[in-house]
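Visitor: If you scroll down you'll find the structure; I have some questions about it.
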Amino acid sequence: MNTNRIVLSGAVVLSLLLSACGTKKIRYNDEKVPVRVAAVSLDEKKLVVGTHYAHYDDFIACRATVQAEIALGAKSFSSKVNLQMAKGQAIKLSVVPFPLLEAVRVWFTPSEVVIVDVINGRYVQENYATLSEHLGFTLDYSQIEALILGRVFAPGKSSSKEDIKSLEFTHVPNEYYQFDGQLRGLDYQFRLSQFSKLEKFQVLKNKQIRLFDAQYRMVSTQIPPGEATYTLYGNMGAKERGSLNLQWRRVEQLGNADNLQLTPNIKSKYERITLDGILKMIGGIHE
């Protein structure tokens, strides 16, 4: 894959939060669990929500080095990604496929997604409505932030305690907790470990067809997770459209965002292109 293809593929996959590549995927048993769901009380639900939420109470901002492995159809590649983020403000991803070569910058802000192709001098600037059209389900900044950090969120709402409490809650004893929500005919499922940390998230159509899933390997010593895998599927849920695996290497927790570069910076000479245009160029992800 040439440098130009790396630039385009990396930018799109990162911006669409796709998932893992090759043998690095985190796999969980997707077989249907026998019916042994325990009756749950409101107090138990509040306890699980509170414990899950407490994992992130102290998180303000971070900078990190992440190893990204990307698959688009039969093609795949890996790249170092420098990440900066501040809760509720913005996320910046800098794709560095080779030493000293920054190929792509991606910003997620509360209002838009910006992808800058540094090598070819062009950029994409789209709102979340456009991004959601390509994903096949609704996603906004707060939910992208939640997916990166490994947090539960209420579809169409937020990841606040009260909104999470509005989700349907079940408990399979000694195995996992699950929160379920719906939005525009799609089912959103969050599976948590017995320690109330997110293990798996998926978006389903008709409760069976997978459109998207995210799987996590959480570690007790840091936020975000140690490893995360995001996969986007075709309309019928059988074929993967693209995948991204993120392995968090060096994570520096920060008390503020003062020294982070979270404001999109686009040179005036750069050419603006559309997200759809990039998808058509790289192929394999756009159906």
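No value in this document is a laboratory result; all are computed from the given coordinates. Everything quoted here is computed from the prediction, not taken from an experiment. Here Cβ is always computed from backbone atoms with ideal geometry, including for glycine, and neighbour counts include all displayed protein chains.
Visitor: Take 250, 217 and order them by how many other Cβ atoms sit within 10 Å, fewest up front. Can you show the working numbers first?
Guide: Values: 250 9, 217 15.
Ranked by crowding around the Cβ, least crowded first: 250, 217.
Visitor: Pop out the ³J(HN,Hα) list for segment 217-230 in order, Karplus 6.51 cos²θ - 1.76 cosθ + 1.60 with θ = phi - 60°, rounded to Hz; leave Gly and Pro as x.
Guide: Values per residue, Gly and Pro as x: 10, 7, 10, 6, 9, 8, 10, x, x, x, 8, 9, 10, 10 Hz.
Visitor: Please find the FRET efficiency linking residue 56 to residue 276, where r is the Cβ-Cβ separation and R0 is fixed at 22 Å, and quote it to the nearest 0.05.
Guide: 0.05
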